[in-house]
Amino acid sequence: MVIAPFMVGAITGGFAWVHVPLLAFWLIGYFAFFATSQWLRSGRRSKWFPPVRFYSLVAVGLGLVVLALEPRLGGWAPVFVPPAAVGLWAAAHRRDRDLLVGLTTVVGSSLMTVVAFDAGTDNSGIADGADIRAWWLAAVQAAYFAGTVFYVKSVIRERGSRRFWALSLGYHAACLLAAVLVASFLNPRWWWLAAVAALLLGRAVWVWLEIERGRGITPKAIGIGEAVATAVVTLLSLWVV
């Protein structure tokens with residue numbers, strides 16, 4: 001969820017040297033966010049603070065490098081404030097596992113697709129008039145990774161909960177319907193994404209049924225399946241969107 005949106009945006013937008021420090025800033029910024037979340041969750045215990053200080057300082061330095069190379073990218077900073085604020089607030093109140101927090105994190109991560117696209121050599125400031133393709137790419141990333149939030153919760157943390165199973169199924173069915181509508185009226189190549197959406201819906205049903213039958217579905221197996229699905233969606237979106 002951290003790497004895929006960035007790579008999709010960078011590849012489709014055209015590689016530029018600013019992508020190197022931008023990727024480093026994005027990764028270290030994520031480490032800083034995670035460390036800060038852990039520190040807040042611990043009740044601000046001092047032993048958890050050194051990683052916060054280290055990653056935050058490195059992230060600031062890398063951010064300054066990015067701004068020095070491409071100052072206009074600073075215009076994207078405000079859009080990341082709300083999802084980051086929600087995540088840190090949730091960590092401070094030990095609610096970082098809430099469904100809403102997971103979905104908010106997905107939104108923040110998917111927005112990086114547009115930023116990486118904007119930083120590309122083929123663009124000149126889409127923050128002022130965003131290229132529609134960048135937003136479609138971000139939407140595909142957001143739709144897929146939001147689905148993983150529902151799916152993973154339904155088979156691990158909320159395993160056995162029919163409510164979460166219903167949410168997961170309903171969400172995947174909605175994504176399938178959306179892909180079919182886009183394929184039918186806007187872009188025929190989206191039938192490929194519709195096919196993937198159908199497979200993901202089928203997987204959600206099959207895994208749940210296996211769990212209901214008492215079959216052993218391990219977190220490792222679920223993780224491997226997610227890695228494969230992420231690779232397929234990432235590569236397919238580069239061609240379809």
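Here, each number is a calculation from the coordinates, and none is a lab measurement. Since the structure is predicted, the reported quantities are computational estimates derived from the model, not experimental observations. Positions of Cβ are backbone-derived with ideal geometry, glycine not excepted, and every protein chain shown enters the neighbour counts.
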Dimensions (Å) - segment 1-116, Cα atoms, principal axes, largest first: 42, 29, 21
Dipole-positive endmost among ALA204, ALA91, TYR55 within the chain (Cβ charges, Cα centre): ALA91
Share of alpha-carbon pairs per 10 Å distance bin for segment 131-184, given as whole %: 24, 43, 24, 8, 0
C-alpha center-to-center spacing [segment 1-49, segment 183-230] in angstrom: 27 Å
Percentage of interatomic Cα-Cα distances in segment 3-58 larger than 15 Å: 55 percent
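Looking at the calculated P(r) for segment 82-192, what percent of the C-alpha pair distances fall above 22 Å? Provide the component values of the computation, followed by the final result.
Working: 2868 of 6105 pairs.
More than 22 Å apart: 47 percent of the Cα pairs in segment 82-192.
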Options (i) 67, 44, 31; (ii) 51, 41, 36; (iii) 55, 50, 25 - which one matches Cα extents along the principal axes in Å as calculated here: (iii)
Calculated P(r) tail over 20 Å for segment 146-229, as whole % of Cα pairs: 34 percent
